[in-house]
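The structure appears below as structure tokens.
The values are calculated or read from the model by the stated rules, or taken from the named source; none is laboratory data. What you see is a predicted model, and the numbers here were worked out from it, not measured in a lab. Every residue, glycine among them, receives a Cβ derived from its backbone with ideal geometry; neighbour counts consider all protein chains shown. These area figures cover heavy atoms from the full protein model, side chains too; ligands, DNA and RNA do not enter into them. Shrake-Rupley method; radii C 1.70, N 1.55, O 1.52, S 1.80 Å.
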Amino acid sequence: MQTIGILGGGQLARMLALAGAPLGLRFLVVDSAADACAGQVAPLLRADWRDFDKLEEFARHIDVATFDFENVPADTAHWLTEHTRVFPNPRALATSQDRLAEKTLFQRIGLETPAFAAVDSRDELAHAVERIGTPAILKTRRLGYDGKGQFRLKSPADVDAAWAALGGAPSILEAFVPFERELSVIAVRSREGEFRAYPLTQNWHADGILSASLAPAPESDALAPLAYAHARRIAEELDYVGTFALELFVQDGRLLGNEMAPRVHNSGHWTIEGVACSQFENHLRAVLGLPLGDTTPRGLSVMLNWIGELPAAGPVLREADAHWHDYGKEPRAGRKVGHATVCAADAAELAERLDRIGGALGREAQVAPVLAALGA
Ligand code: AMP
């Protein structure tokens, strides 16, 4: 019986623990919040990231440590490597914590990115705006997620407002990409270097937060081999072990790297029901040194995110091959509190199910872009 330690006790840790139960795995989750939602399904140790006494206790009880949260301080991750096995390794974590290091890595392995420049002062921002032009997005190098820590500059006159909005934090300025669509690759690499990827997923965001995902992304056969090759090179470069996500923009048919997440990812939640071996199970298999599982999709899947509060469950529960996930979190604006995954054998059937669910929940706007992508 092995015990997996998870740093961070949110819904990702919760879904990892749920995926691990059939494998006979035990879990211990660390989070500073008493109501961390993974604590409803696994033992929770309350500690913050600098409480090394508590972390020592954590390390003593586990066989391997992993993350639900990528912004665990780098020194905490390093400290842990001296006390237990840690996957992904701290270097992979540190690279994906820093947008500059991440984009530099993308370019090094041959993945194009939006034009960007490092910005450490107001003057550097003004120069970067001259070079990159507007519209552009200023993003903090660290601790940004779900569109937080970002400011959109419409014109050079926005320099002062942008610099003030991010509080003068080390940042990067990125050209605004008028992309055709957003895709992600969810992939997994084992301790032995075996690599597998799930089909490309198409994603839609609202207010910087993922709203819906569709997999396999329509008309993505031509892009998939290149996207997988980029993901594989990144994983090899970082000696990455576990599941990760690579977020991509498609512009004029070309792939641009936006960011990577060194963990299971919201745009891979559909794999719980849509694939024989989910991103969560494959992450556990990878960090334990077990053979990786099949990533072939059963059919088509759509994931709808519930942000802020849960809608009524009935319209999802009544539908065939539709699946309800309530993370057990208190409702709060902007918070991910659950999701639904709807699966079907073909696009027409999926569109019918989705259309009924969207209508019954009054969520027509959320499902509309997915219906359009399905040709409905
Ligand atoms: P991020 O936190 O960097 O993933 O940004 C959140 C979302 O903002 C992305 O998924 C895109 O929808 C949008 N976004 C971020 N960067 C850019 C960009 N350079 N150009 C256009 N849209 C962007």
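Listed values, structure above:
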read-out: Residue within segment 192-199 that is at pLDDT 95 or above, within 15 Å of the ligand (Cβ to nearest atom) and charged (D, E, K, R) present; value: no
read-out: Test: residue in segment 214-230 that is within 19 Å of residue 96 (Cα to Cα) and open to solvent by less than 20 Å² (accessible area, probe 1.4 Å); value: yes
read-out: Spans of strands (runs of 3 or more DSSP E) in segment 115-190 with at least 2 residues modelled with pLDDT of 95 or more, within 23 Å of residue 263 (Cβ to Cβ) and more than 15 Å from the ligand (Cβ to nearest atom); value: 181-189
read-out: Residue 231 being within 22 Å of residue 296 (Cα to Cα), within 16 Å of the chain's Cα centre (by Cα) and either more than 16 Å from the ligand (Cβ to nearest atom) or assigned by TED's automatic domain parsing to the domain that holds residue 282 (or both); value: yes
read-out: Scan of segment 11-47 for residues that are in contact (Cβ under 8 Å) with a residue 60 or more places away in the chain and closer than 22 Å to residue 286 by Cα, ordered by number; value: 11, 12, 14, 15, 16, 18, 19, 20, 23, 25
read-out: Number of the exception - residue 316 against (1) within 22 Å of residue 21 (Cα to Cα); (2) out of contact with any Gly (no Cβ under 8 Å at 6 or more places or on another chain); (3) buried (at least 16 other Cβ atoms within 10 Å of the Cβ); (4) touching a residue at least 40 places away in the same chain (Cβ under 8 Å); value: (1)
read-out: Hits in segment 58-81 - residues which are over 30 Å from residue 99 (Cβ atoms) and loosely packed, with under 15 Cβ neighbours inside 10 Å; value: 60, 61
read-out: The one condition in (1) under 20 Å from the mean Cα position of the chain (by Cα); (2) in contact (Cβ under 8 Å) with a residue 60 or more places away in the chain; (3) assigned to a loop (DSSP other than H, G, I, E, B) that residue 213 fails to fulfil; value: (3)
read-out: Residue 207, sole failed condition from (1) within 16 Å of the ligand (Cβ to nearest atom); (2) surrounded by 13 or more Cβ atoms within 10 Å (Cβ to Cβ); value: (2)
read-out: Scope segment 29-41; condition surrounded by fewer than 20 Cβ atoms within 10 Å (Cβ to Cβ) and not polar (S, T, N, Q); matching residues; value: 33, 34, 35, 41
read-out: Helices (runs of 4 or more DSSP H) enclosed by segment 14-114 - at least 3 residues per element that are within 30 Å of residue 136 (Cα to Cα) and outside the structural domain of residue 234 (by TED's automatic domain parsing); value: 90-97, 99-108
read-out: Residue 242 crowded, with 24+ Cβ neighbours inside 10 Å and either of a type in the set (Ser, Thr, Tyr) or farther than 21 Å from residue 369 by Cβ (or both); value: yes
read-out: Residue that is open to solvent by less than 30 Å² (accessible area, probe 1.4 Å), out of contact with any Cys (no Cβ under 6 Å at 6 or more places or on another chain) and at pLDDT 95 or above, where the choices are 18, 44, 7, 23; value: 7
read-out: Cross-chain or 6+ apart pairs with Cβ under 6 Å, segment 149-173 first and on the phi > 0 side of the Ramachandran plot, then within 16 Å of the ligand (Cβ to nearest atom) and among the hydroxyl-bearing types (Ser, Thr, Tyr); value: 149/140
read-out: Residue in segment 161-181 that is touching a strand residue (DSSP E or B) at 6+ places or on another chain (Cβ under 6 Å), closer than 21 Å to residue 280 by Cα and crowded, with 16+ Cβ neighbours inside 10 Å present; value: no
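Listed here are the residues, each with its yes/no results for (1) open to solvent by 50 Å² or more (accessible area, probe 1.4 Å); (2) farther than 25 Å from residue 197 by Cβ; (3) small (Gly, Ala, Ser).
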{"site": "321", "(1), (2), (3)": "yes, no, no"}
{"site": "337", "(1), (2), (3)": "no, yes, no"}
{"site": "364", "(1), (2), (3)": "yes, yes, no"}
{"site": "367", "(1), (2), (3)": "no, yes, no"}
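Listed here are the residues, each with its yes/no results for (1) touching a Leu at 6+ places or on another chain (Cβ under 9 Å); (2) aromatic (Phe, Trp, Tyr); (3) closer than 30 Å to residue 126 by Cα.
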| residue | (1), (2), (3) |
| --- | --- |
| 175 | no, no, yes |
| 189 | yes, no, no |
| 213 | yes, no, no |
| 226 | yes, no, no |
| 240 | no, yes, no |
